[in-house]
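Notes to accompany the following structure.
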Amino acid sequence: MTDPNCLFCKIAGDEIEADVVYQNDDIVAFRDINPQASTHVLVIPRRHIATLNDLQDEDAKTVGSLFLAARDIAAREGIAADGFRTVMNCNAAAGQTVFHIHLHVLGGRNLDWPPG
Ligand code: AMP
Ligand code: ZN
């Protein structure tokens, strides 16, 4: 399922250009256009899922794929050993601005905790 008005569906469908670093049948990963760390990659399912609240039980494999991609991207970017963060914001109060789920993969600097 895709949403014709969704920015990330358009990236997954090659309608809008992005700096893609990894893809397979289920997911696409690309560099964030406004990076918050030297490595800032977004990993998305090809299927349109608006928020984490909308996940279905049958999405379990896809969600697993997001994290396996994050693992591989972190290794490839050389941030796995020092450490990196994965974040998925859900809805406005958490700062979600694009309503197609995406796993942020951030690394290459020390990341504060708790987040803002
Ligand atoms: P969130 O605020 O968690 O919904 O994250 C949305 C992210 O998408 C932000 O970090 C934006 O910088 C990023 N973003 C928005 N448009 C694009 C784009 N065209 N290509 C890559 N990243 C984008
Ligand atoms: Zn979408």
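The values are calculated or read from the model by the stated rules, or taken from the named source; none is laboratory data. Keep in mind that this is a model prediction, so the values were computed, not measured. Cβ coordinates were reconstructed from backbone atoms using ideal geometry, including for glycine residues, and neighbour counts include every protein chain displayed. These accessible areas exclude ligands, DNA and RNA; they are computed on the full protein's heavy atoms, side chains included. Shrake-Rupley method; radii C 1.70, N 1.55, O 1.52, S 1.80 Å.
Some points to look at:
- Complete set of residues in the range 34-51 that are over 12 Å from the mean Cα position of the chain (by Cα), away from ligand 2 (no atom under 11 Å from the Cβ) and not polar (S, T, N, Q): Pro35, Ala37
- Residue count, the range 1-20 (criterion: modelled with pLDDT of 95 or more and in contact with a helix residue (DSSP H, G or I) (Cβ under 6 Å, 6 or more places away or on another chain)): 2
- Scope the range 48-70; condition touching a Cys at 6+ places or on another chain (Cβ under 9 Å) and crowded, with 18+ Cβ neighbours inside 10 Å; matching residues: His48
- Answer from Arg76, Arg47 - the residue that is part of a loop (DSSP other than H, G, I, E, B), closer than 20 Å to Asn24 by Cβ and of a type outside the set (Val, Ile, Thr): Arg47
- Val20 satisfies every condition listed in (1) without any contact (Cβ under 8 Å) to a residue 24 or more places away in the chain; (2) under 28 Å from Asp112 (Cβ atoms); (3) away from ligand 2 (no atom under 14 Å from the Cβ) except (2).
- Listed by first and then second residue, the pairs linking a residue in the range 1-16 that is within 15 Å of Val28 (Cα to Cα) to a residue that is open to solvent by less than 60 Å² (accessible area, probe 1.4 Å) and acidic (Asp, Glu), with Cβ atoms under 9 Å apart and 6 or more places separating them unless they lie on different chains, are Cys9/Asp3.
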